[in-house]
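Engineer: I have a structure here, written as structure tokens, and I will follow up with some questions on it.
The values are calculated or read from the model by the stated rules, or taken from the named source; none is laboratory data. Just so it is clear, the model here is predicted, and its values are computed rather than measured. Here the Cβ positions follow ideal geometry from the backbone for every residue, glycine too, while neighbour counts run over all protein chains shown.
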């Protein structure tokens, strides 16, 4: 807006309001940088490599027992072709399980690299201006200021979520080996699927975050929504936060339903 003696008041107001938004933008920048780092950088799992080695060593102690158990099933199957084929199938699954458990570290690292690459591709499509508070009109300054403060609060919440996700996924290399082991044991299969599904969701969670950011940025670029850019930014973060908590609730409920039969058995024995 050009300044002259006739609109000096508007120019001063715009300059003051712009200063407030610059302060908010400066305050939000460190949070945005950290969120982006935790989202697009591959999770480092080297800190848990030694623990993973110990877990795999413990699991490998059961390989011999499982093979002996399958051998006994094959022997007692007699002349039943169905039982003999079942024993052969179980042996094949045990061999596949042994290979996957031993290579679970590299396999998990590959999944993390794939998730980071996909997230990076989508995130690069998001306009950098989407994350920057801007003053579209002086009349909307109060609206933008309130939602600008809410925006920073939401950024802090999202930063905590991606940080916790980073920590859990980093330690997840240990659970991944256990989940693979459980998956190929018939009576532990449901627990193995629960572990693997939970880790899969956590590993690829940033990819879904980046899609939400991309959709929000494209909406903010539309003329009819341009004056509500700050509201769209906050709404996008709200969707991410709500999606994460609903997902966490689903995992907790799912885990509770899997553990309940074990609790009932323990109660019956006691």
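Engineer: Hey, among 94, 99, 70, which residue is in a helix (DSSP H, G or I) and in contact (Cβ under 8 Å) with a residue 60 or more places away in the chain? It would help to see each step written out before you state the result.
Structural biologist: Values: 99 fails: in contact (Cβ under 8 Å) with a residue 60 or more places away in the chain; 70 fails: in contact (Cβ under 8 Å) with a residue 60 or more places away in the chain.
Testing whether each residue is in a helix (DSSP H, G or I) and in contact (Cβ under 8 Å) with a residue 60 or more places away in the chain leaves just 94.
Engineer: Still on this model: Looking at 109, 90, can you tell me which residue is modelled with pLDDT of 90 or more and under 38 Å from the mean Cα position of the chain (by Cα)?
Structural biologist: Working: 90 fails: modelled with pLDDT of 90 or more.
After applying the criteria, what remains is 109.
Engineer: If you don't mind, another one. Pick from region 124-150 the residues that are at pLDDT 85 or above and assigned to a helix (DSSP H, G or I): which of them is nearest to the chain's Cα centre (by Cα)? I'd like the intermediate steps shown before the answer.
Structural biologist: Start the filter on region 124-150 by keeping residues that are at pLDDT 85 or above, which leaves 124-126, 150.
Now restrict to residues that are assigned to a helix (DSSP H, G or I): 124, 150.
On the way: 124: 18, 150: 23 Å.
Looking at the filtered set, the residue picked out is 124.
Engineer: Looking at (1) surrounded by 14 or more Cβ atoms within 10 Å (Cβ to Cβ); (2) modelled with pLDDT of 85 or more; (3) out of contact with any helix residue (DSSP H, G or I) (no Cβ under 6 Å at 6 or more places or on another chain), find the lone condition where residue 245 falls short.
Structural biologist: It is condition (1) that residue 245 fails.
Engineer: For residue 178, indicate whether it is modelled with pLDDT of 90 or more, more than 21 Å from residue 133 (Cβ to Cβ) and buried (at least 20 other Cβ atoms within 10 Å of the Cβ). First the steps, then the outcome.
Structural biologist: On the way: modelled with pLDDT of 90 or more: yes; more than 21 Å from residue 133 (Cβ to Cβ): yes; buried (at least 20 other Cβ atoms within 10 Å of the Cβ): yes.
So residue 178 fits the description; yes.
Engineer: Here's another thing I want to ask about it. Do we find that residue 266 is assigned to a helix (DSSP H, G or I), farther than 19 Å from residue 38 by Cβ and at pLDDT 85 or above in this structure? Don't jump to the end; show me each part of the working.
Structural biologist: Details: assigned to a helix (DSSP H, G or I): yes; farther than 19 Å from residue 38 by Cβ: yes; at pLDDT 85 or above: no.
No; evaluated as a whole, the condition is false for this residue.
Engineer: Give the residues of region 43-61 that are loosely packed, with under 15 Cβ neighbours inside 10 Å and in contact (Cβ under 8 Å) with a residue 40 or more places away in the chain, sorted by residue number. First the steps, then the outcome.
Structural biologist: Within region 43-61, the subset loosely packed, with under 15 Cβ neighbours inside 10 Å is 44, 46-47, 49-51, 53-54, 57-58, 60-61.
Answer for region 43-61, where residues must be loosely packed, with under 15 Cβ neighbours inside 10 Å and in contact (Cβ under 8 Å) with a residue 40 or more places away in the chain: 44, 47, 49, 51, 60.
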